[in-house]
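**Student:** Below is one structure. I have some questions about it.
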Amino acid sequence: MTKVDVEGILKQKENRENKEKESENYTDRRTNGWKSSEIDKLATALAKAQAELEGAKKESVNPFFKSGYADLHAVIKSSFPFLSKHGLSVSQGNEIIPGAICVTTLLMHTSGQWLRSKIKLPLKDVTAQGVGAAMTYGRRYGLSAIVGIAQYDDDGNAISK
């Protein structure tokens with residue numbers, strides 16, 4: 001291999017790595033923080049709440065697949081009363097990035113302890129409806145994941161297309 005060939009290969013590799021870094025828009029959890037320094041009180045309260053959770057009921061129908069699923073309201077309805085009872089609350093926010101939306105879910109305890117989780121979803125349609133659908137989908141799954149609530153979802157086909 002000539003020096004020109006090696007330099008070209010190294011330049012291509014560097015370009016690929018730079019593109020990957022740019023496209024990810026990833027914030028390392030170690031620098032951004034994903035939990036408070038202590039979570040013992042939060043963990044105890046969450047364990048108590050989870051012992052009472054029954055799961056989210058399928059109350060909505062996906063018109064495209066004619067199947068039932070637990071929508072965001074069903075997940076909230078099935079989890080918030082038990083979380084609140086044990087001093088837990090949830091806040092969710094979003095951030096639009098090129099080609100995607102990130103939904104951040106924050107689980108908080110009255111002690112001040114907290115856990116944070118972030119999900120990145122691709123935006124298929126960059127319209128108000130497309131952004132709203134991705135945001136709702138991210139909120140539903142972010143909430144379900146952070147509190148450990150089970151839900152059965154038959155409409156997952158929509159996000160994968």
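**Student:** Quick one: of LYS35/LYS85; LYS35/LYS77; LYS85/LYS118; LYS35/LYS120; LYS41/LYS124, which pairs are farther than 30 Å apart, Cα to Cα?
**Tutor:** Working: LYS35/LYS85 21 Å; LYS35/LYS77 25 Å; LYS85/LYS118 25 Å; LYS35/LYS120 19 Å; LYS41/LYS124 40 Å.
Exceeds cut-off: LYS41/LYS124.
**Student:** Shifting gears a bit: Quick one: which residues, 5+ away or cross-chain, put their amide H under 5 Å from the amide H of ASP71? H built at 1.01 Å from N.
**Tutor:** GLU59, SER60
**Student:** Go through region 95-100 residue by residue and turn each phi into a ³J(HN,Hα) via Karplus (6.51, -1.76, 1.60, θ = phi - 60°); whole Hz please, and just put x for glycine and proline.
**Tutor:** 8, 8, 10, x, x, 7
**Student:** Here is a follow-up. Output ³J(HN,Hα) for region 130-140: one whole-Hz value per residue in order, computed from phi by the Karplus curve 6.51 cos²θ - 1.76 cosθ + 1.60 with θ = phi - 60°, and x for Gly and Pro.
**Tutor:** My calculation for region 130-140 gives x, 5, x, 5, 5, 5, 5, 4, x, 5, 4 Hz in order.
**Student:** Which ³J(HN,Hα) values in Hz, rounded to whole numbers, follow from the phi angles of region 33-38 under the Karplus curve 6.51 cos²θ - 1.76 cosθ + 1.60, where θ = phi - 60° and Gly and Pro get x?
**Tutor:** For region 33-38, the Karplus curve yields x, 10, 7, 6, 5, 10 Hz.
**Student:** Looking at the square roots a ≥ b ≥ c of the eigenvalues of the Cα gyration tensor of region 70-115, which shape do they give, rounded for a/c under 1.5, prolate if a/b is larger than b/c, or oblate?
**Tutor:** Oblate.
**Student:** Also, quick follow-up: Just rank ILE101, ILE96, fewest to most, by other beta-carbon atoms within 10 angstrom. Numbers along the way, then the final one.
**Tutor:** Numbers: ILE101 22, ILE96 13.
By the 10 Å Cβ count, ascending: ILE96, ILE101.
**Student:** Lys and Arg at +1, Asp and Glu at -1: add these up for the other residues within a Cβ distance under 9 Å of LYS85 and post the number.
**Tutor:** Numbers: positive: LYS48; negative: GLU52.
Charge balance in the 9 Å sphere: 0.
Throughout, read-outs are computed from the coordinates displayed, never taken from laboratory work. Values in this document were obtained by computation on a predicted structure and should not be read as measured data. We place every Cβ from the backbone using ideal geometry, glycine too, and count neighbours over all the protein chains shown.
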